[in-house]
Amino acid sequence: MSCSDPAPDEGVGVGGNDASLMTLDGATGPASAGLALTIPDGALADSVTLTIAAHSTIPRGAVRAWELGPDGTQFTEPVVLEADYANFDLPPGVDADSLRLSVYVDERWVPLADSANDFDRKIVRANTTHFSTYGLVPDPKEAKGLGSVWEANGVVVNASSPRFGELFVSPTAIGFYLSGGAAGPLVLDISGLPTDGGNHLYIDDHDDETLVTPADGGAVTVTLDGARQHYLWLQPNPGTLTIGEY
């Protein structure tokens with residue numbers, strides 16, 4: 001049994017001895033990836049309607065995400081997930097060879113152990129035995145050097161004057177170190193921030209906290225004292241031990 005390009009909320013009945021292939025392509029417009037799911041014969045003991053829905057608001061850290069339902073569905077044999085990244089543009093600073101298929105657990109992305117990237121076909125493949133939220137997630141990445149623009153995993157920092165900076169972006173947090181320089185105000189424009197919920201931005205200490213919300217559109221502008229070094233840290237939960245350690 002096979003079904004090609006179902007709508008995001010469209011279900012496909014699978015069960016018994018039927019093998020099945022489900023695909024989702026272009027769910028959120030032309031610049032989108034596809035997801036294919038291959039279920040072996042007998043992997044489901046009972047007939048069930050399966051669904052694939054693309055996330056329009058992607059959980060932080062991923063470049064693409066899908067909800068496979070019903071959530072928690074268990075398979076007696078591994079099913080194959082194939083995420084195609086050939087037909088959409090990756091965010092600035094994201095390397096295609098760093099993409100992994102991951103599962104979303106307790107607000108964190110956990111890479112699937114057997115995730116493999118087929119660079120020639122531009123497909124990331126992995127096995128799973130249950131349904132949940134899955135996504136294409138780049139490995140943590142950093143960008144550093146003297147300049148005024150730093151890009152890593154879709155996050156872009158622009159400074160109003162050149163400095164030495166170091167940007168670190170992981171699925172759970174974003175950190176940015178900036179060296180001191182000439183006296184006067186220094187403006188940082190930061191874009192590509194998560195929009196799946198509120199995030200707490202700390203600058204230099206625990207008391208300087210700004211809540212970045214989805215209404216900000218993933219962007220924030222801050223003005224700093226250009227004469228001194230600074231450290232910025234963004235995370236989904238309040239409180240951080242990282243600030244003050246640099």
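Tabulated data for the structure shown
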{"item": "Length gained when the stretch residue 158-residue 86 is fully extended (0.36 nm per residue, less Cα-Cα span)", "result": "23.1 nm"}
{"item": "Residues residue 219 and residue 108, FRET efficiency given R0 of 22 Å [Cβ-Cβ distance, rounded to 0.05]", "result": "0.40"}
{"item": "Student exercise, segment 175-223 dipole from Lys, Arg, Asp, Glu Cβ charges, in Debye to nearest 20", "result": "200"}
{"item": "Relative contact order of segment 103-167, defined on C-alpha pairs under 8 angstrom at six or more residues apart (%)", "result": "23"}
{"item": "Estimated dipole of segment 141-235 in Debye, rounded to 20 [Cβ of Lys and Arg +1, of Asp and Glu -1, Cα centre]", "result": "360"}
{"item": "Segment 50-199 - percent relative contact order, Cα under 8 Å, separation 6 or more", "result": "24"}
{"item": "Cα-based shape type of segment 77-118, given that a ≥ b ≥ c are square roots of the gyration tensor eigenvalues and the cut on a/c is 1.5", "result": "oblate"}
{"item": "Fully extended contour minus Cα-Cα distance, from residue 183 to residue 56, at 0.36 nm per residue", "result": "41.4 nm"}
{"item": "Area projected by the alpha carbon convex hull of segment 141-235, averaged over all directions, nm²", "result": "5.3"}
{"item": "Spatial separation of Cα centroids for segment 42-116 and segment 158-232, in angstrom", "result": "30"}
{"item": "Residue 211-residue 228 pseudo-label distance in nm [points 7 Å out on the Cα-to-Cβ vector]", "result": "2.7"}
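Just so you know, all these numbers are worked out from the coordinates, no wet-lab data involved. Please read these numbers as outputs of a predicted model, since none were measured by experiment. Glycine also receives a Cβ, built like all others from the backbone with ideal geometry; neighbour counts cover every protein chain displayed.
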